[in-house]
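Presented below is the structure to which this report refers.
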Amino acid sequence: RALTGYRILTLGYALALFIVNYRDFAHPLGAACYMAGLTGWMALTWSRTTSPERCTKRFLIADLTIALGGILLTSAVDSWARIDDGAPTLPSIWVAGAVLGFAIKGGWRWAALASTLVAIANLVERGGIARDTVHNVLLVWVASIAIGYIVEVARASERTLARALQIEAATRERERLARDIHDSVLQVLAMVQRRGAEIGGEAAELGRMAGEQEIALRSLVSSGLVPSQRTPEQDAKDAKDAELVQAVRASGELPAAPRDGDDGLCDVRVLLAVHAGARVSFAEPGSPVLLGAGAAVELAAAVSAALDNVRQHAGEEARAWILLEDEPGEVLVTVRDDGPGIAEGRLADAEREGRMGVALSIRGRLRDLGGSAELVSVPGQGTEVELRVPRGNGGRQ
């Protein structure tokens with residue numbers, strides 16, 4: 001709309017200049033024909049710039065062609081003395097409207113192209129480089145490119161704002177659904193799981209299935225409803241991660257650690273997610289937790305060893321929780337269970353007896369990675385294993 005107003009006002013200015021200087025033209029009739037044609041063009045197309053749908057590329061090219069034609073026609077209908085004295089071209093400053101149309105429609109690159117064509121036409125009309133011509137050309141060139149750049153920034157900001165509003169609305173809806181689901185479905189599933197375990201028999205299997213569905217539903221609720229902007233690289237990585245999860249679940253074994261010098265990164269969440277189940281809860285950040293592939297595999301193996309200890313010493317009915325945390329300088333994984341705990345001195349006795357599960361499978365792995373493994377256990381209150389891996393050369397990108 002602002003461009004439409006500019007075009008109308010500058011057309012009036014160009015017509016006023018033509019009327020005042022009509023008798024000074026070498027061929028006033030030819031100049032009058034062009035100005036009449038320009039006025040007719042404006043009468044037919046003035047509304048074209050009022051909306052982005054109507055302001056098409058074809059219209060902008062035609063508009064710029066009329067502006068360039070008017071500049072070049074000036075040397076044919078005006079006297080050389082007036083041209084040399086710096087007299088304005090036939091369309092005068094109306095030409096800038098055609099260039100600004102390109103800037104608003106296509107950004108600064110389109111503006112640069114259109115203003116360059118106008119500059120060439122002005123130099124041809126003057127027959128060389130003159131101070132006033134260079135001044136006008138640079139003014140149009142700089143102004144149009146600046147406006148085109150501002151338009152691009154404004155549109156990017158508008159898209160960002162729309163995305164933020166979409167995320168906010170989806171987050172509110174997710175929170176509402178989470179409250180409703182928590183107050184109804186999740187509580188019912190938890191009750192079925194608890195009652196099934198108490199009754200036993202076929203009801204225990206039903207309770208186990210209800211527990212699995214409760215975990216899946218909690219994960220779905222917490223994962224969010226807002227679609228992310230995906231790239232082909234991200235899709236390919238997700239597909240590779242999914243294949244890795246399926247392979248680990250099918251074989252029950254982690255992939256081999258990469259050879260020395262392999263600096264590929266691996267999302268630790270993918271390797272730990274396979275442990276989630278009815279009796280193992282897994283909490284993870286919403287963004288990838290990247291470690292060097294070798295370090296990630298060794299960390300996952302240590303977590304697997306800790307869960308094996310839970311099953312072996314706390315019993316198949318014990319529950320376990322895995323918490324993955326992404327800290328600036330390290331990756332932290334905590335494995336906690338609700339088993340009977342470890343009696344004081346039991347680990348030392350196990351090492352003396354040659355049972356090196358904790359010493360080698362957990363602490364040894366973390367020591368080789370430059371990290372640490374801390375084990376805290378209170379008899380009757382379960383065990384907690386805290387695994388820390390520093391980010392080295394194979395850490396976060």
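The values are calculated or read from the model by the stated rules, or taken from the named source; none is laboratory data. These figures come from a predicted structure and were not determined experimentally. Reconstructed Cβ throughout: ideal geometry from the backbone, glycine too, with neighbour counts over all protein chains shown. With ligands, DNA and RNA removed, areas are computed over all heavy atoms of the protein, side chains included. Shrake-Rupley method; radii C 1.70, N 1.55, O 1.52, S 1.80 Å.
Mind checking whether some residue in the range 147-156 is under 30 Å from ALA87 (Cβ atoms), part of a helix (DSSP H, G or I), at pLDDT 85 or above and open to solvent by less than 30 Å² (accessible area, probe 1.4 Å)? Yes: one or more hits. On inspection, GLY101 qualifies as surrounded by 13 or more Cβ atoms within 10 Å (Cβ to Cβ) and touching a Cys at 6+ places or on another chain (Cβ under 8 Å).
If we scan the range 61-80, do we find a residue that is open to solvent by less than 30 Å² (accessible area, probe 1.4 Å), of a type in the set (Ser, Thr, Tyr) and more than 46 Å from the chain's Cα centre (by Cα)? The answer is yes, given that some residue of the range 61-80 is open to solvent by less than 30 Å² (accessible area, probe 1.4 Å), of a type in the set (Ser, Thr, Tyr) and more than 46 Å from the chain's Cα centre (by Cα). Out of the range 32-53, which residues are surrounded by 11 or more Cβ atoms within 10 Å (Cβ to Cβ) and among the charged types (D, E, K, R)? ARG48 - this is the single residue of the range 32-53 that is surrounded by 11 or more Cβ atoms within 10 Å (Cβ to Cβ) and among the charged types (D, E, K, R). Please go through the range 8-31 and pick out each residue that is open to solvent by less than 30 Å² (accessible area, probe 1.4 Å), within 11 Å of PRO91 (Cα to Cα) and not polar (S, T, N, Q). Hits for the range 8-31 are LEU11, ALA14, PHE18, ALA31. Report whether or not ALA162 is in contact with a helix residue (DSSP H, G or I) (Cβ under 8 Å, 6 or more places away or on another chain) and of a type in the set (Gly, Ala, Ser). The answer is no for ALA162. Here LEU113 meets each of (1) open to solvent by less than 60 Å² (accessible area, probe 1.4 Å); (2) in contact with a Gly (Cβ under 9 Å, 6 or more places away or on another chain); (3) among the aliphatic types (A, V, I, L, M) with one exception, condition (1).
With respect to the stated conditions, VAL137 is at pLDDT below 80, among the hydrophobic types (A, V, I, L, M, F, W, C) and on the phi < 0 side of the Ramachandran plot. Is the range 184-197 home to any residue that is modelled with pLDDT under 85, farther than 23 Å from GLY277 by Cα and over 25 Å from the mean Cα position of the chain (by Cα)? Scanning the range 184-197 turns up no residue that is modelled with pLDDT under 85, farther than 23 Å from GLY277 by Cα and over 25 Å from the mean Cα position of the chain (by Cα). The set of residues in the range 41-96 that are over 30 Å from ASP24 (Cβ atoms), among the aliphatic types (A, V, I, L, M) and touching a helix residue (DSSP H, G or I) at 6+ places or on another chain (Cβ under 7 Å) contains only LEU60.
Return yes or no: is ILE83 under 30 Å from VAL153 (Cβ atoms) and of a type in the set (A, V, I, L, M)?
Working: under 30 Å from VAL153 (Cβ atoms): no; of a type in the set (A, V, I, L, M): yes.
Spelling it out, it is not the case that ILE83 is under 30 Å from VAL153 (Cβ atoms) and of a type in the set (A, V, I, L, M).
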